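The structure under discussion appears below in the form of structure tokens.
The values are calculated or read from the model by the stated rules, or taken from the named source; none is laboratory data. Just so we're clear, the structure is a prediction, and the values are computed from it rather than from any experiment. Because the Cβ atoms are built from the backbone with ideal geometry, glycine has one as well, and the counts that use them run over all protein chains shown.
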Amino acid sequence: MGLTFLMAPDTIGISDRFPTASIPVSVVIDRFGTVCLIEGSAKTDSETFTRLFDIFIGDDYTESILLPIMNAELPSVEPASSEELSGALDSDLIFTNSTNPYNWPMTVAEKEGRTVLVSENYTCPGSVSALNTTVEAKAGDALVISFKMGAEAPMDRMTLFVNGEAVKYFGSTRDWGTYAHTFGRDGAYDVRICYSKEIYSRDKNAYLWIDSIQLLSGDEAAAALEQNPRYIVSPETSIQLLNEDARLVVVYLEADPDIMSYYYILDGVWNVKATLDETVDPELTYFRDSQLRNYSLLEYQKEDGYYIDFTPPESEISFFLDVVMGNDYISLSGFVDEEAADELCALFKYYSGRTYCWKYADETVDAAAVAGDATYTITYTDQNGNPVQGVMCQVCDESTCQVFVSGSDGVCTITLPAGVYEIHTLKVPEGYEGDTATVTETPVGGGELSFVLTKK
């Protein structure tokens, strides 16, 4: 490709250790071997990297500094004293702003009749505001934070760190409320509260106001935990188009129909429902449309899922609506009419030189209508993401059933004539629990299905 910078082929899977969902990705590893920063997207000026390196290369760098994102500029606000911080929070705990010169402070202000701490980086994309304390807690004690937050999903975020581990995120706009973190054992805990703004954050009105931070025990701690946010948990993570007049379309390569993608044809507003399973954090999940506008899922929460009415852009041949979950996503794509499907196929041919066609899915859904074989990958993991060996699964079409067993990687890889098959988990290994009743259909042209078992 004519590239002249140094490169190396990743033959041992180094990239699998990092969330490399974009190119380029910057990874900073300090002199102690600590991964201090992972951030995607390109930087357009050398000053950003100069400021970044200055953090790590000085002789006074004696302890690892973790950066959620690259800092856009040095803080220009004087930090509040420990006495001012603790007084504003009405707390017996001792609070300090970060000693990292690139972290913005939290300062005392009056907001809505309350004396609160304000994250001073709210106007600065690519920055972090941080507050630290040490908590001497008993098992069952709860650290209770009362706060109000404005956020642009997914660009603005509050994160609670305990002993360096991120234990809770908040990434959506919310009115005054509390969050209680409970401690599992007696001991001292380093607590850090950060408000971070991604480099592409555009909302300079976003904010974090903290009213109080209290350490509670006994019945008070239990009552605070009962007030924690409740999220809708479903058996699976999914995105569904609810309009009954929508028609599913298959766009495929004429020379190889196994190369295909799915779209809906619907002229009008899309009524979309999303569900999240217990492994997905709704605070870090959002809808994203083809014009790259983001919508926090929590703002569309109802009794059994997350519902959004999506109006497709008139200027685009095809469009999509994603549910984005960190570095993963699920998607719906579509056209407003058949002419747009024709245009997309013509566009594919223009760029690739190969002929693409489309048909309604109900015309191509059986194996006879889709030429060739397809590969179906069925993965079994436990609740911690570890592969589970020895799971028996049954794969059935209209006339026959076959049984497969997951290997040491937790995977069954099955190659069959392309079509729709029913997947049924027959038996799980001793020491595990799982759903052996639900039947799941495969995509027509192959694909991946994942199932989570519970290790006892």
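Miscellaneous remarks
- Sole exception among (1) touching an Asp or Glu at 6+ places or on another chain (Cβ under 8 Å); (2) outside any strand (DSSP E or B); (3) at pLDDT below 90; (4) not β-branched (Val, Ile, Thr) for residue 205, by number: (1)
- Counted residues, the stretch 269-309 - those being assigned to a strand (DSSP E or B) and not β-branched (Val, Ile, Thr): 15
- Every test in (1) under 20 Å from the mean Cα position of the chain (by Cα); (2) buried (at least 18 other Cβ atoms within 10 Å of the Cβ); (3) without any contact (Cβ under 8 Å) to a residue 60 or more places away in the chain; (4) not in a strand (DSSP E or B) is passed by residue 312 save one, and that test is (1).
- Subset of the stretch 414-442 (residues that are surrounded by 15 or more Cβ atoms within 10 Å (Cβ to Cβ), part of a loop (DSSP other than H, G, I, E, B), of a type outside the set (A, V, I, L, M, F, W, C) and free of Cβ contacts under 8 Å to residues at least 60 places away in the same chain): 419, 421, 429, 434
- Note on the stretch 32-59: residues that are charged (D, E, K, R), in a helix (DSSP H, G or I) and touching a residue at least 24 places away in the same chain (Cβ under 8 Å) amount to 1.
- Restricting 199, 210 to those that are of a type outside the set (Ser, Thr, Tyr), more than 23 Å from residue 280 (Cβ to Cβ) and outside any loop (DSSP other than H, G, I, E, B) reduces the list to 210.
- Meets criteria (without any contact (Cβ under 8 Å) to a residue 12 or more places away in the chain and in contact with a strand residue (DSSP E or B) (Cβ under 8 Å, 6 or more places away or on another chain)) for residue 29: yes
- Restricting the stretch 354-370 to residues that are assigned to a helix (DSSP H, G or I) and modelled with pLDDT under 50 leaves a set whose member that is nearest to residue 412 (Cα to Cα) is 367.
- Extreme residue, surrounded by the fewest Cβ atoms within 10 Å (Cβ to Cβ), among residues of the stretch 177-195 that are in a strand (DSSP E or B) and either without any contact (Cβ under 8 Å) to a residue 40 or more places away in the chain or among the acidic types (Asp, Glu) (or both): 190
- The stretch 259-275 - residue that is more than 14 Å from residue 246 (Cα to Cα) and modelled with pLDDT under 90 and, of those, surrounded by the most Cβ atoms within 10 Å (Cβ to Cβ): 260
- Sole exception among (1) exposed (fewer than 15 other Cβ atoms within 10 Å of the Cβ); (2) within 15 Å of the chain's Cα centre (by Cα); (3) in contact (Cβ under 8 Å) with a residue 60 or more places away in the chain for residue 278, by number: (3)
- Among the residues here, residue 153 does not qualify as in a strand (DSSP E or B), in contact (Cβ under 8 Å) with a residue 40 or more places away in the chain and out of contact with any His (no Cβ under 7 Å at 6 or more places or on another chain).
- For the stretch 223-255, filtered to residues that are part of a loop (DSSP other than H, G, I, E, B) and among the acidic types (Asp, Glu), the residue that is surrounded by the fewest Cβ atoms within 10 Å (Cβ to Cβ) is 244.
- All conditions in (1) under 25 Å from the mean Cα position of the chain (by Cα); (2) modelled with pLDDT of 90 or more; (3) assigned by TED's automatic domain parsing to the domain that holds residue 114 hold for residue 199, with the sole exception of (2).
- Criterion applied to 213, 199 was being crowded, with 17+ Cβ neighbours inside 10 Å and within 23 Å of residue 116 (Cα to Cα), and the one residue passing it is 213.
- Residue within the stretch 371-385 that is at pLDDT below 75, within 12 Å of residue 252 (Cβ to Cβ) and over 30 Å from the mean Cα position of the chain (by Cα) present: yes
- Complete set of residues in the stretch 281-299 that are of a type in the set (A, V, I, L, M) and surrounded by fewer than 17 Cβ atoms within 10 Å (Cβ to Cβ): 292
- Candidates in the stretch 129-156 are the residues that are in contact with a Lys or Arg (Cβ under 8 Å, 6 or more places away or on another chain) and under 21 Å from residue 37 (Cα atoms); of these, the one that is modelled with the lowest pLDDT is 155.
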